[in-house]
1. How far apart, in nanometres, would the label points at Trp326 and Ala112 be if each is projected 7 angstrom from Cα along the Cα-to-Cβ direction?
2. If the cut-off is a Cα-Cα distance under 18 Å, which aspartates and glutamates reach Lys317, setting aside same-chain residues fewer than 8 apart in sequence?
3. The chain: longest stretch without exposed GluC sites (Glu not before Pro) (DSSP loop, at most 16 other Cβ within 10 Å), sites themselves excluded?
4. How far is helix 130-140 tilted off the main Cα axis of the chain, in degrees rounded to 10, range 0 to 90?
5. Could you give me the ³J(HN,Hα) list for region 341-357, computed from phi with Karplus coefficients 6.51, -1.76, 1.60 and θ = phi - 60°, whole Hz, x at Gly and Pro?
6. Taking θ = phi - 60°, what integer Hz values does the Karplus form 6.51 cos²θ - 1.76 cosθ + 1.60 yield along region 303-313, in sequence order, with x for Gly and Pro?
7. How many angstrom lie between the C-alpha centres of region 138-178 and region 315-332?
8. What list of ³J(HN,Hα) values in whole Hz, one per residue of region 42-54 in order, does the Karplus curve 6.51 cos²θ - 1.76 cosθ + 1.60 (θ = phi - 60°) give from phi, with Gly and Pro shown as x?
Amino acid sequence: MSSRRWRACPECDWVMALPVLKAGESAHCPRCERELVYRHDAPAQRILAYAASALVMLLLTLPFSFLAFSMAGIQQEIVLFDAAQAMFTNDWPILALLIALTIVILPGLFLAAIVYLYASIAMRTKLPGTHFLARMLSGLKPWLMTDVFLLGVLISIGKLMGMAHVELGWSFVAFCFYVFFLVRTVSLVDADWLWFALLHEPAPPPGAYTGATAASQGIVGCPTCGLLNSEAETACRRCHASIVSPSRFRLQATWALIVAATILYIPANLYPMMTTVTIGGTIYSTILGGVMQLIETESYVIATIIFTASFIVPIAKIIALSYLCWLAAHPQPMATKRRMRLYRITEIIGRWSMIDVFVVAITVALMQAGLILSIYPGAAAAAFAAVVIITMIAAMTFDPRLLWAAVDSNMQQSSEELSKQKQEGYGN
Ligand SMILES: [Zn+2]
Ligand SMILES: [Zn+2]
């Protein structure tokens with residue numbers, strides 16, 4: 001029993017002892033069915049191979065032509081960084097920084113950290129800074145948006161196909177491999193295995209027992225490495241990440257972010273995403289206006305993707321998060337599992353809303369001034385990017401353990417009633 005690792009489910013706070021897992025096996029929470037651990041085969045070697053390949057591909061995406069474009073005898077060629085550069089030259093340095101960060105800089109840092117960490121583990125040598133890097137990994141994960149960017153590139157190509165000839169460059173090919181290797185690397189990172197390899201597993205706090213919530217026994221599960229800590233600690237005993245017990249006060253932060261996102265959603269839809277200047281005049285296209293243009297040119301698939309990602313998903317996410325926050329403040333014991341599904345979906349789909357911002361960046365980069373028509377980014381692109389980022393942070397600040405509080409108090413009540421009835425029964 002002592003060699004088994006004790007965990008509190010990060011979503012429902014249930015304390016359990018993990019079974020000993022073989023490669024290819026996973027452990028799920030018995031109460032909310034969340035996957036807690038998936039054990040990979042030869043994790044260090046595999047992740048090193050994927051992360052190193054992804055780093056090489058990242059370096060190869062930078063120097064060569066990414067996309068080439070020809071229209072009416074005029075040719076234009078761009079490299080990957082031109083997508084960020086185009087935003088910078090059009091006076092949107094924040095959008096330029098956002099694109100550079102989510103596509104190149106943060107994924108590059110993530111991969112370099114992985115190679116350093118897992119090489120240190122594979123060589124069984126303690127290199128400096130490994131604990132800091134291991135703590136950083138889980139925080140970086142949601143901000144790696146290369147897969148979203150790739151879909152954005154494909155949509156931009158689809159949009160331009162009708163009026164111009166678009167050719168894929170060598171950097172684009174390398175980029176596809178980079179995305180594939182990066183996604184594989186992210187899926188192989190296993191915090192549980194990683195922290196055990198780095199610092200082994202300290203025993204759970206004395207007096208802890210399984211089959212109850214951590215909060216009810218005054219202990220807290222570490223959100224970074226999973227170790228159980230006493231509520232009195234402010235930082236995890238193993239990884240030194242800060243730990244917090246479920247508290248309704250944190251809902252205020254989530255509410256504030258939801259309000260901010262809702263306000264920004266208005267300019268994101270009123271202002272133009274893109275401005276197209278031709279000899280004939282200037283066309284301003286908002287998100288919905290752009291979708292209408294796509295329908296007019298019979299690009300139904302792209303119209304559906306843009307409409308869903310840019311219009312439906314952000315508003316659905318705002319409504320879903322508001323509903324979850326309301327439920328957390330007014331807990332009901334019913335249908336908690338279904339609500340957890342809603343919470344997981346809002347966490348996963350949010351980042352895909354960034355597609356339209358990337359489409360604007362690529363289109364602007366390809367159609368720089370000097371051609372027959374030129375395209376400029378609009379104010380809505382910045383407002384919209386802010387909506388996506390703020391709703392992502394709002395989903396991160398939301399504590400799903402609060403949704404289970406009602407179930408717990410209900411169970412406590414019924415067990416108390418049961419023991420009362422028993423006592424009364426024995427009394428007679
Ligand atoms: Zn659970
Ligand atoms: Zn920890």
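1. Roughly 4.7 nm, to one decimal.
2. By straight Cα distance, Lys317 reaches Glu347, Asp356, Asp399.
3. Working: sites that count: Glu25, Glu33, Glu231, Glu233, Glu298.
Result for the longest clean stretch: 34-230.
4. 60
5. Per-residue couplings from phi come out as 4, 4, 4, 5, 5, 4, 5, 7, 7, x, 5, 5, 5, 5, 3, 5, 4 Hz.
6. Couplings: 4, 5, 4, 5, 4, 5, 5, 9, 10, 6, 4 Hz.
7. Cα centroid to Cα centroid, the span is 34 Å.
8. 6, x, 5, 5, 5, 5, 4, 4, 5, 5, 5, 4, 4
Taken together, the values in this text are just the output of simple stated rules run on the coordinates, not laboratory data. Everything numeric here is computed off the predicted structure, so don't read it as measured data. All Cβ positions, even for glycine, are placed from backbone atoms using ideal geometry, and neighbour counts span all protein chains on display.
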